[in-house]
Every structure is written in structure tokens, then in C-alpha cells.
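Worksheet: the structure to be examined is printed underneath.
The values are calculated or read from the model by the stated rules, or taken from the named source; none is laboratory data. All values reported here derive from a predicted model rather than from experimental measurement. For neighbour counting, all protein chains shown are included, and Cβ atoms are generated from backbone atoms with ideal geometry for every residue, glycine included. Protein only, heavy atoms only, side chains kept; ligands, DNA and RNA dropped before computing areas. Shrake-Rupley method; radii C 1.70, N 1.55, O 1.52, S 1.80 Å.
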Amino acid sequence: MGHLKYRSEIDGLRALAVIPVVFFHAGFATFSGGFVGVDVFFVISGYLITSLIIGEMAENRFSILRFYERRARRILPALFIVMLASAPFAWFWLMPIDLQGYLKSLLATVLFASNFLFWDQTGYFDTTADLKPLLHTWSLAVEEQYYIVFPPLLMLLWRWGRRSILWVLGILLVASLLAAQSGVRDAPAAAFFLLPARGWELLSGAFAAFYLDARPMDRHVPGRGFLAVLGVGLITVPVFAYDAQTPFPGLAALPSVIGTVLIILFASGETLAGRVLSTKALVWVGLISYSLYLWHQPIFALYRQRFGEQAFASNVFWLMAMAFALAVCSLWLVERPFRFRASLRQLGMGMAASAAVIIGSLDGPANAGGQGECAVVRLGAETC
């Protein structure tokens with residue numbers, strides 16, 4: 001399994017993940033559980049990355065440096081473009097106290113630690129959460145923290161054989177799920193934002209990767225068409241049935257996680273679910289899903305901050321259309337070039353320049369727009 005075969009239904013699955021998240025953040029009450037889309041993304045990521053790692057390890061050609069280079073090419077260019085584009089609007093539109101919070105989140109995002117910041121600042125379902133332009137970056141932080149730990153662990157365990165690997169990963173998965181379930185009672189913000197309570201979702205995708213590595217898309221599994229459709233249902237029902245009062249992400253996250261695993265394992269061109277997920281419209285949304293995920297929250301939050309909730313509700317469809325348009329532009333002008341064509345030197349220079357601008361902005365004057373009351377906003381304090 002040296003190369004991961006492209007599966008159009010996985011792109012369709014990404015669409016099934018990102019659309020509920022966008023509609024949830026847009027304030028549509030029907031999609032009150034749209035936040036489960038992030039769990040779908042976690043499982044997909046765990047599956048894809050584990051598939052690539054074990055495929056290369058089996059051929060003795062895995063390089064952890066090359067792995068991190070691929071992650072950087074995939075994650076950083078579009079992320080940095082979104083941060084750079086949203087910064088001027090934050091400077092002009094946010095009040096000093098909100099700008100201070102934004103600057104903290106900007107630095108935390110660059111360091112892939114924004115989940116710690118938002119855990120400390122607020123709950124995901126607080127009324128103020130909709131006003132945080134970079135709130136959604138918490139999930140990127142969780143993934144990158146996971147990938148600091150997971151590949152070295154897999155390298156360490158590889159010599160002991162796959163049975164040992166699966167035992168260790170299974171223990172970690174159960175421990176993480178138990179932490180998530182106890183966390184929703186005792187520390188709900190920590191359970192939502194932090195890796196120990198989210199790792200089991202990524203590990204579920206890892207187990208799907210190991211299964212398919214041993215049994216590549218076994219078309220003789222009885223009822224595989226039904227299992228794939230069941231997977232779609234397990235993802236879809238929580239989108240409409242859950243809300244901010246649902247204890248999450250403990251056992252309540254199981255349906256969306258299990259549903260995603262079922263689709264990964266059993267959906268293909270021979271199944272109804274696979275054919276639906278492979279339709280051109282869903283695949284297209286799946287291809288832009290990462291950029292769409294990045295763009296939608298800053299657009300929504302900054303507009304809410306500047307013009308208010310009523311104006312946002314009146315223009316929400318235009319704002320969603322803007323997010324889709326920017327996502328398409330990001331895919332073709334940023335994601336694809338940096339992922340497939342840019343040299344490592346070009347990637348490094350581009351990211352270094354972007355990081356310098358972002359970090360430099362943390363110490364800049366904040367007297368633009370409506371910032372007259374406060375002369376300087378720094379990362380840790382205001383000087384008024």
C-alpha cells in the first residue's frame with residue numbers, strides 16, 4: 001500500500017462534514033448539531049494520514065521530516081492567507097477589548113495552540129463564541145498536536161508488529177473516550193477543545209486505515225451497502241437532533257464517528273452511499289472544504305461584530321456565497337500551487353514572510369477605525 005488510492009466518496013464525505021459546520025455557524029436552527037462535522041473531519045484525517053504512514057513504513061521509506069513537510073504544505077498556506085486577509089478588518093472593525101482577544105488568537109493559531117486559548121477563554125457554545133474570527137482554528141490545533149505525537153509513536157511500535165500497535169492504539173482510544181465522557185460532566189470546555197478528549201476520534205480513523213490495509217475494500221462483506229447508508233444516517237441525524245445542550249463530545253460523538261468509519265470502510269462505487277457521495281456537486285464541495293472551513297468563520301464573526309446580528313441574518317446567504325467564492329480562489333491560487341508545485345524554499349519563504357507580518361501586527365498601533373479610546377493593544381495588555 002505504497003500510495004493511497006483516490007476515493008471520490010471521501011471528498012463527498014468532506015462535504016457532508018463542512019456543510020453542517022457552515023450552516024451551524026451561520027445560525028440556522030435546523031442545523032443545531034452541525035458542529036459534529038468537525039468530528040467527521042477528525043476521523044477522515046486520522047484515516048488518510050495513517051494510511052499514508054503505514055503504507056510508507058511497509059516499504060521502509062517513511063520520513064518524519066517529509067511527513068511534516070506534507071502537513072505544512074497542506075495546512076499552512078491557506079491558513080496564513082485567511083489570517084492575513086482577516087487582520088485588516090479586525091483592526092478597523094473590532095473594539096479594543098475584542099481586538100486584544102483577536103490578537104491573542106492570531107498568535108495562538110500560528111503556534112497551533114488556539115485550542116488552549118479558547119479552552120481558557122470561553123466555551124464553544126457561549127453566545128460570544130460566534131464573534132471570535134479564529135474560533136474554528138481550535139480543530140487544526142488538535143490535529144497538529146496529534147501529529148506531533150502519533151507518527152513517532154507509530155515508528156516506535158512498528159518493530160513490535162501490527163498486533164502490538166493495535167493493542168496500544170486501542171488502549172489509547174478507550175482512555176481518550178473515557179476522558180471525553182467524564183470531561184463533558186466535569187470539565188466540558190476542556191473535553192471539547194483539548195486533544196486527550198478528542199484523540200479517540202482521530203484514532204478511530206487510524207483503525208479504519210489498518211483495517212483497509214489488511215482487507216482492501218472487501219466487496220464480499222455481507223450488507224456493506226446497508227452499512228454505508230447506515231453510516232450516512234449516523235452522521236446526518238445528530239446534525240439535526242443535537243444542540244448546544246447536548247453533552248459533547250463524549251458518547252454523544254459516537255454516532256458521527258462510527259458513521260464516518262462505516263462510510264470509509266464500506267462506501268464505494270458499488271454502493272448507494274458511495275454513488276451519492278461521489279456526485280460532482282458533493283465532490284466539488286469536498287475539494288474546497290478545507291478553505292471553506294477556514295474562510296467562513298472570520299467572515300461571519302467579523303460581519304457580526306461590525307454590523308450586528310440582525311444585519312448578519314439578513315445577509316447570511318451573501319456571506320456564505322462569499323465564503324464559497326473565496327474557498328474556490330484559495331483552492332486554485334493557494335492550496336494547489338503550494339501543495340504540489342512550490343519548492344520547499346518557496347514554501348518556507350512564503351510562510352516565514354506571512355508569520356513575520358502576523359507576529360509583527362501583534363505589537364502595532366490599534367488606533368485605526370474606532371480605536372481612538374486605546375492607543376496600543378499588545379498581546380498581554382491594553383494601554384489606554
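Residue-wise test of (1) at pLDDT below 65; (2) more than 26 Å from Ile97 (Cα to Cα); (3) small (Gly, Ala, Ser); (4) in a helix (DSSP H, G or I).
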| residue | (1), (2), (3), (4) |
| --- | --- |
| Gly308 | no, no, yes, yes |
| Ala313 | no, no, yes, yes |
| Trp318 | no, yes, no, yes |
| Val334 | no, yes, no, yes |
| Arg339 | no, yes, no, yes |
| Met351 | yes, yes, no, yes |
- prompt: Within region 220-238, which residues are in contact (Cβ under 8 Å) with a residue 40 or more places away in the chain and either out of contact with any Ser or Thr (no Cβ under 8 Å at 6 or more places or on another chain) or farther than 27 Å from Ala190 by Cβ (or both)?
  reply: Val221, Arg224, Gly225, Ala228, Val229, Gly231, Val232, Thr236
- prompt: With Ala197, Ala267, Ala206, Ala241 as the choices, which residue is hydrophobic (A, V, I, L, M, F, W, C), touching a Gly at 6+ places or on another chain (Cβ under 9 Å) and modelled with pLDDT under 95?
  reply: Ala267
query: Which of the following residues is of a type in the set (A, V, I, L, M), in contact with a Ser or Thr (Cβ under 7 Å, 6 or more places away or on another chain), closer than 23 Å to Leu265 by Cβ and open to solvent by 20 Å² or more (accessible area, probe 1.4 Å): Leu157, Leu177, Leu166?
result: Leu157
field: Criterion (outside any helix (DSSP H, G or I) and under 17 Å from the mean Cα position of the chain (by Cα)) met by exactly one of Phe112, Phe23, Phe116
entry: Phe112
message: Just to be sure before I move on: is Ser8 open to solvent by less than 10 Å² (accessible area, probe 1.4 Å) and over 30 Å from Ala301 (Cα atoms) in the structure I sent?
response: no
task: Taking Phe226 as meeting all but one of (1) under 25 Å from the mean Cα position of the chain (by Cα); (2) of a type in the set (Phe, Trp, Tyr); (3) open to solvent by 20 Å² or more (accessible area, probe 1.4 Å), write down the number of the exception.
output: (1)
query: Mind checking which residues of region 45-78 are open to solvent by 40 Å² or more (accessible area, probe 1.4 Å) and not hydroxyl-bearing (Ser, Thr, Tyr)?
result: Leu52, Ala58, Glu59, Asn60, Arg61, Ile64, Leu65, Arg66, Glu69, Arg70, Arg74
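Residues checked against (1) touching a strand residue (DSSP E or B) at 6+ places or on another chain (Cβ under 6 Å); (2) of a type in the set (A, V, I, L, M, F, W, C); (3) under 14 Å from Phe23 (Cα atoms):
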residue	(1), (2), (3)
Val257	no, yes, no
Ser268	no, no, no
Arg275	no, no, no
Ala281	no, yes, no
Ser289	no, no, yes
Glu309	no, no, no
Ala313	no, yes, yes
Phe317	no, yes, yes
query: Only one of (1) under 21 Å from the mean Cα position of the chain (by Cα); (2) of a type in the set (S, T, N, Q); (3) within 25 Å of Ala206 (Cβ to Cβ) is not met by Ser278, so which one is it?
result: (1)
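Can you tell me which residue among Arg14, Arg66, Arg61 is among the charged types (D, E, K, R), outside any helix (DSSP H, G or I) and farther than 22 Å from Leu169 by Cα?
Arg61 is the lone residue from the list that is among the charged types (D, E, K, R), outside any helix (DSSP H, G or I) and farther than 22 Å from Leu169 by Cα.
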statement: Given the conditions (1) in a loop (DSSP other than H, G, I, E, B); (2) open to solvent by 60 Å² or more (accessible area, probe 1.4 Å); (3) touching a residue at least 60 places away in the same chain (Cβ under 8 Å), every one holds for Val276 apart from (1)
message: I need every pair where a residue in region 175-199 that is touching a residue at least 12 places away in the same chain (Cβ under 8 Å) has its Cβ under 6 Å from the Cβ of a residue that is outside any helix (DSSP H, G or I) and open to solvent by 10 Å² or more (accessible area, probe 1.4 Å), sequence separation at least 6 or different chains.
response: Val184/Pro247; Ala189/Gly123; Phe192/Tyr124
- request: Filter region 26-37 down to residues that are touching a Pro at 6+ places or on another chain (Cβ under 9 Å) and part of a helix (DSSP H, G or I) and give me whichever is surrounded by the fewest Cβ atoms within 10 Å (Cβ to Cβ).
  value: Phe31
